[in-house]
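Chemist: My structure is below; once you've seen it, I'll send some questions.
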Amino acid sequence: MSSPTPQPSKHSKPLQPLWLRVTHWLNAVAVLVMVTSGWRIYNASPIFDFVFPAGITLGGWLGGALQWHFAGMWLFVLNGLAYLLLNLATGRFARRLLPVTARGILRDAWLALTARLSHGDMGRYNQVQRAAYLFAIADLVVLVLSGLVVWKSVQFPLLRELLGGYDTARHIHFYGMAAIVGFASVHLVMVVLVPRSLLAMLLGRSTLRRTTAKEATP
């Protein structure tokens, strides 16, 4: 009797490729550095009637915060470009994040609120996830553009005018920061609720052990 034909491993193809995992975590580090150092920079010249607690800021003083902010900025810009280009070149952007419809977002949001949204297929994003990721990408682009005006207002006069002037650009930059912090907070909550998503981003798969053909054969 011939032996059974070995079946391919269920997780032979990673849910998240290595390049995506590397750029994802580098982006996370860059955003964390820019947000916390940005809070310290904001404290030096607040635009609202509050400041951030010094203990959650980065840099120690204005000059140090600016150095950290620029370091995070260059890491984010270079790594973010690699992230976008690789997503576009591999077709992953269109495959994972499109299409998005208002009806689909409302449907999946309702399923999530009623605890009926399936998370069985970690390789497929639901409509709410797609909309959230597209929003985060757009928000980060707005942060970069408004940040350029805040940093080099004289050198980017057209961009400054498009954003409504220097003071308006500062407000846009602040609101963009608040939006990305909100996105990250919800993202972390979802990771706690669906811990397999963290494994996929760390290991490329949603299980600790890789199923082999020998183990799969009864």
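Only the coordinates and a few stated rules stand behind these numbers; no lab work does. These numbers were taken from a predicted model, which means no experiment stands behind them. Here the Cβ positions follow ideal geometry from the backbone for every residue, glycine too, while neighbour counts run over all protein chains shown.
Chemist: Can you give the Kirkwood hydrodynamic radius of segment 18-213 from its Cα pairs, in Å with one decimal? Before the final figure, lay out the partial values.
Modeler: Working: mean 1/r = 0.0535 Å⁻¹.
Result for segment 18-213 stands at 18.7 Å.
Chemist: OK, next. Suppose each label sits 7 Å from its Cα in the direction of the beta carbon; what would the D167-L86 distance come out to in nanometres?
Modeler: Placing both labels 7 Å along Cα→Cβ, they lie 4.3 nm apart.
Chemist: Would you mind counting up the charge near S153? Only other residues with Cβ under 11 Å from its Cβ, with Lys and Arg at +1 and Asp and Glu at -1. Intermediate values should be presented prior to the final figure.
Modeler: Working: positive: K152, R160, R170; negative: E161, D167.
For residues surrounding S153, the net value is +1.
Chemist: Let me ask another. Find me the longest stretch of the chain that has none of the exposed trypsin sites (Lys or Arg not before Pro), where exposed means in a DSSP loop (not H, G, I, E or B) with at most 15 other Cβ atoms within 10 Å.
Modeler: Working: sites that count: K10, R116, R124, K152, R209, R210.
Of all site-free stretches, the longest is 11-115.
Chemist: Tell me which of A184, L145, W61 sits at the most positive position along the dipole axis of the chain, charges placed on C-beta atoms (Lys, Arg +1; Asp, Glu -1).
Modeler: Of A184, L145, W61, it is A184.
Chemist: Okay, next question. Under the rule of -39500 (n - 2.57) per DSSP H run of 4 or more residues, summed and divided by the residues of the chain, what mean residue ellipticity at 222 nm is obtained, to the nearest 500 deg cm²/dmol?
Modeler: Numbers: 9 runs with 144 residues, N = 218.
Calculated mean residue ellipticity at 222 nm is -22000 deg cm²/dmol.
Chemist: Would you order D167, D49 from fewest to most other beta-carbon atoms within 10 Å of each residue's own beta-carbon? Numbers along the way, then the final one.
Modeler: Values: D167 11, D49 5.
Exposure proxy ranking, most exposed first: D49, D167.
Chemist: Charges on Cβ only, +1 for Lys and Arg, -1 for Asp and Glu, centred on the Cα centroid of the chain; of G204, L75, V154, which one is farthest towards the dipole's positive end?
Modeler: Farthest along the dipole direction, towards plus: G204.
Chemist: A follow-up question, please. So, with +1 on the Cβ of K and R and -1 on the Cβ of D and E, and no other charges, what is the size of the charge dipole of the chain about its Cα centre, to the nearest 20 debye? All intermediate terms of the calculation are to be shown ahead of the outcome.
Modeler: Numbers: 20 positive and 7 negative charges, 205 e Å.
Its charge dipole is roughly 980 debye.
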